[in-house]
Amino acid sequence: MSEASLPRTEPSAALPRTKSRRRTSSLRRIFAIARKESLHVQRDPQALYLALGMPIMLLLLFGYGVSFDMDELPVVLVDEDATPESRALSDAVFASGELRIAGTARSADAAHQIFADRDANAVLVLPRGLSESIARGEPVEVQLLVDGVEANSAAQLQGKAEAAVRAASLSLGATPAMAMSPPTETRLSTWFNPEERSQLFLVPGLAAYILAIVAVLLTALTVSREWDRSSIQQLFVTPVRTWEIVMGKLLPYFTLGVIAELIVFVTGAWVFDVPMRGDPIVLGLASLLFLLGMLGQGMLISIVAKNQMVATQMATMVSMLPSMLLSGFMFPIENMPLPLQVISNVVPARYFIHTLRGVLLRGNGFAEVWFDLLMLGGFAFVMFTIATRRFKRELA
Amino acid sequence: MTASTTSRALSIETSAIGRDFGSGKTLNRAVGALSLEIPHGELFGLIGPDGAGKTTLLRMMAGLLPPTRGTVRVEGFDPFGKEADHARDVVGLVPQEHSLYGDLTVGENLDFFADLYGLDGEELRTRRERLMSITRLGTFLDRRAAQLSGGMYKKLAVACALLHQPDVLLLDEPTNGVDPPSRRELWELLYEFVDQGMTIVVTTPYMDEATRCHRVALMDRGEIIAMDAPERLVASLDAAVLEVSLASVPNARERATALVESSELVIASAPLGASLRVVVESRNEAALAKALEGLGTLSRTAPSFEDLFLTAIARREKTAATKEAA
């Protein structure tokens, strides 16, 4: 091919060709990415709401709404005896207000319909011949039918009804004997500690859960957004390194995560009187390590997913659910089937919650929680290592 | 810098470069095995329909997409080797997609890329001012990139790609979605850069833009089917370009179009105002005139770049079809 016809222009002086090789610093590029990322957060405050609003909302919701202590449990009364004695017994049972008469029925057979309509959680049956038993000084036998579908209510109802009947029958001078006959579906488990207020038990777990959501979701969108917007092309033609992108994006979300964490702890201490019995330095260290691990996990998801929708779904699957279900937040790990127990070993929230409960409630220090800290640090390290390795500098 | 001295004559050099996507049955050869030599200061066009492999080729030059086979050197540097950073230093890219940060202002976008390239001081200040004055974006520094018009957005992308003063500028369909006045402005910018010695590779689906390049490569399905200066390519067209002047009979236009489109003689055809434009092999000119008798008369006309392009593609398809049949 001939090149004779090509217009040839000599380089002009306006743009000097000779230029010094620039020595560019990683630090400058990291801060450039961090600054840009902060601008994204400021201009699209959704991330801010997520980071700062969600912790407060979840805390209040769980702290107040999801109290395990119940009042005014609706009970249907079946008074087959219909004597002054049976009425006195039922009045005494419902006097405390913990149980409430939701209605009356003629026979225990009506119970199925009552449960089906969800009008009441239990049916209290005072059988025919009750007054005669009391008169003869024989043990009084009343029947309590409990809807076992809602396991927690059933457990509480059982306890409360038993106590109420015992107290009432004692005052009537009868020996109480209660025949419990819950329907077949009843599955009861004692998954909260009745010695403690439920908030004390919940807030540490909640701290881990909230942090997991906020940190993972925030970072899960950050690299995938670059792919969605195709700005990743412009990034990759510059000398910026992938680890610099990861570090730069980490900085603003780390700051947001720390703020979210402080909100949770301050709210926990202030509103729910969660004590601080152990070493705050250990608590701080555990929080930072856990936060880094969660940010790293989000970053890895973001790098692997390459699009925001997939990233959000993955974040939900691999971080939110395990942090809630496999961390000991609500269900004790010892009660889980073996495979789930094994999986829970790689759920960092497990170690964080263990540390939190230990430090906040039991007054633990380094000596008791060093293993948890080690696992949290290890998790963070592994996440960032994989994330940086998987972050390939090419479009495909 | 030693690598660049050996092949200083060429700005971009690819040898048998190719890229596949997928594997097995879904294997797609986006770019076959292309060898290109682009000297300094050339405005080189990659012309072809969608899916021709223009973007893939450009991305390989930019160091964004590693080739499946072959090599590429930009100013003597291999963008996928140890010299990747040198290659990044000499290349600027304007991608086809909106790939700046729409929620950042013009100024913030520029600052961001200046930081990534490690530019500062007087050097950055003068360069930035110059780019702002030639792109006339200076008064929009505080406007968010997403609120710029298509043309201004592209100019900002060009400015961001030129901040580090690359020797090579790669532009992927830069005039896509840009109104005609801004399109012209953008091309004027490119000429200005080329005059100063920059090498520019631009992809475009628009034929009129092809003729603005010093040299073009016609691409189709991952291969280059012709490469030369556009006016020489057009002059080399060995087929007859004819204009059909329609007779005043009912439905002359519809009938002539149907005939032309179904005729074995015709290589390519396109409507042209009130008439039709047809490309045929020179030996078939008389036969076509006969076929169109009563509907219109034929007259020779000067071939355009579009005629050349349509002919080249149509001939390729024909040979591919006969190969398949055999």
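Give the range of the longest stretch in chain B that excludes all trypsin sites (Lys or Arg not before Pro) found in loop regions by DSSP and having at most 12 other beta-carbon atoms within 10 Å.
Longest gap between qualifying sites, sites excluded: B:137-326.
Projecting each Cα onto the charge dipole of region A:37-145 (Lys/Arg +1, Asp/Glu -1 at the beta carbon, about the Cα centre), which of A:Leu60, A:Val142, A:Ala110 comes out farthest on the positive side?
Value computed over the given set: A:Leu60.
Take every residue in peptide B:224-230, count the Cβ atoms of other chains within 10 Å of its Cβ, and give the average of those counts.
2
Averaged over peptide B:105-117, how many Cβ atoms belonging to another chain are found within 10 Å of each residue's Cβ?
5
Let me check against my output: what whole-number percent is the relative contact order of chain B, with C-alpha pairs under 8 Å and at least 6 apart?
Relative CO of chain B lands at 18 percent.
Rounded, prolate or oblate: which fits the protein assembly as shown, taking a ≥ b ≥ c as square roots of the Cα gyration tensor eigenvalues, rounded meaning a/c under 1.5, else prolate when a/b beats b/c?
Taking the square roots of the gyration eigenvalues as a ≥ b ≥ c, the protein assembly as shown is prolate.
Find how much the distance from A:Met276 to A:Arg28 grows on full extension, using 0.36 nm per residue of separation minus their present alpha carbon separation; answer in nm with one decimal.
Between A:Met276 and A:Arg28, full extension yields an extra 85.3 nm.
Between A:Phe366 and B:Gln147, what is the label-to-label distance in nm when each label sits 7 Å out along the Cα-to-Cβ direction?
Distance between the two pseudo-spin positions: 5.5 nm.
Given the options B:Gly294, B:Gly151, B:Gly197, which has the most mean-square fluctuation in a GNM of chain B, springs set between C-alpha atoms less than 10 angstrom apart?
Result for chain B, Cα springs under 10 Å: B:Gly294 fluctuates most.
Each residue of region A:374-381 in order: what ³J(HN,Hα) in whole Hz does its phi give by Karplus 6.51 cos²θ - 1.76 cosθ + 1.60, θ = phi - 60°, with x for Gly and Pro?
Listing the rounded values in order: 4, 5, 5, x, x, 4, 4, 4 Hz.
What shape does region A:338-389 take by its C-alpha gyration tensor, where a ≥ b ≥ c are the square roots of the eigenvalues and a/c under 1.5 counts as rounded, a/b above b/c as prolate, and the rest as oblate?
It is oblate, given that a/c is not under 1.5 and a/b is not larger than b/c.
Which of the lysines could a cross-linker span from B:Lys154 if the Cα-Cα distance has to be under 23 Å and same-chain partners fewer than 8 positions apart are dropped?
A:Lys36, B:Lys54
Could you give the length gained by full extension between B:Ser245 and B:Lys82, i.e. 0.36 nm per residue of separation minus their alpha carbon distance, to one decimal place?
Difference between extended and current length: 52.5 nm.
Could you calculate the contour length gain from A:Arg128 to A:Leu61, that is, 0.36 nm times the residue separation minus the distance between their Cα atoms, to one decimal place in nm?
Additional length available on full extension: 19.6 nm.
List the GluC sites (Glu not before Pro) in region B:272-322 that DSSP assigns to loop (not H, G, I, E or B) and whose Cβ has at most 11 other Cβ atoms within 10 Å. Which are they?
B:Glu293
State the Cα centre-to-centre distance between region A:201-249 and region B:227-250 in whole Å.
About 56 Å separates the Cα centre of region A:201-249 from the one of region B:227-250.
Given a Förster distance of 22 angstrom, what is the FRET efficiency for A:Ser107 paired with A:Ala163, based on the Cβ-Cβ distance and rounded to 0.05?
After rounding, the FRET efficiency stands at 0.30.
Please give the charge dipole size of chain B, origin at the Cα centre, charges +1 on K and R Cβ atoms and -1 on D and E Cβ atoms. Round to the nearest 20 debye.
640 debye
Can you tell me which of B:Ala258, B:Ala16, B:Ala161 moves the most in a GNM of chain B? Springs connect C-alpha atoms under 10 Å apart.
Of B:Ala258, B:Ala16, B:Ala161, the most mobile in the Gaussian network model is B:Ala258.
With the dipole of chain B worked out from charges on the C-beta (+1 for Lys and Arg, -1 for Asp and Glu) around the Cα centre, which of B:His164, B:Thr55, B:Gly151 lies farthest toward the positive end?
It is B:Thr55.
So how far, in whole Å, is the C-alpha centre of region B:85-103 from the one of region B:24-64?
Each part's Cα centre sits 17 Å from the other's.
Identify which of B:Leu171, B:Leu57, B:Leu163 has the largest mean-square fluctuation in a Gaussian network model of chain B, with springs joining Cα atoms closer than 10 Å.
B:Leu163
Could you work out the mean count of beta carbons from other protein chains within 10 Å of each residue's beta carbon in B:161-167?
3
How large is ³J(HN,Hα) for each residue in region B:174-186, as worked out from phi by the Karplus curve 6.51 cos²θ - 1.76 cosθ + 1.60 (θ = phi - 60°), to whole Hz, x for Gly and Pro?
Rounded to whole hertz, the list is x, 9, 5, x, 10, 5, x, x, 5, 4, 4, 4, 4.
Could you give the size of the charge dipole of the protein assembly as shown about its Cα centre, using +1 on the Cβ of each K and R and -1 on the Cβ of each D and E, expressed in debye and rounded to the nearest 20?
With only Lys, Arg, Asp and Glu charged at Cβ, the dipole is about 2360 debye.
Counting other C-beta atoms within 10 Å, and keeping those with at most 13, which DSSP coil GluC sites (Glu not before Pro) do you find in region A:195-255?
A:Glu195, A:Glu196
Could you give the nm distance between label points at B:Ser262 and A:Leu262, where each point is 7 Å from its Cα heading toward the beta carbon?
Rounded to a tenth, the inter-label distance reads 8.0 nm.
Among the chymotrypsin sites (Phe, Trp or Tyr not before Pro) within region A:256-364, which fall in a DSSP loop and have no more than 13 other Cβ atoms within 10 Å of their own Cβ?
Passing both the DSSP loop test and the Cβ count: no residue.
From the backbone phi of region A:213-224, what are the Karplus-calculated ³J(HN,Hα) couplings (6.51 cos²θ - 1.76 cosθ + 1.60, θ = phi - 60°) in whole Hz, Gly and Pro given as x?
Ordered by residue, 3J(HN,Hα) equals 4, 4, 5, 5, 5, 4, 7, 4, 8, 6, 7, 4 Hz.
Could you work out how far apart the two model spin labels at B:Lys318 and A:Ala82 are, taking each label as a point 7 Å from the Cα in the direction of the beta carbon, and quote it in nm?
10.5 nm
Once both axes come from the Cα atoms, what is the angle between helix B:106-116 and the longest principal axis of chain B, in degrees from 0 to 90, rounded to 10?
70 degrees
Since every read-out is calculated from the coordinates, none of them should be taken as a lab result. Values in this document were obtained by computation on a predicted structure and should not be read as measured data. Counting neighbours? That spans all protein chains shown, and the Cβs are built from the backbone with ideal geometry, glycine included.
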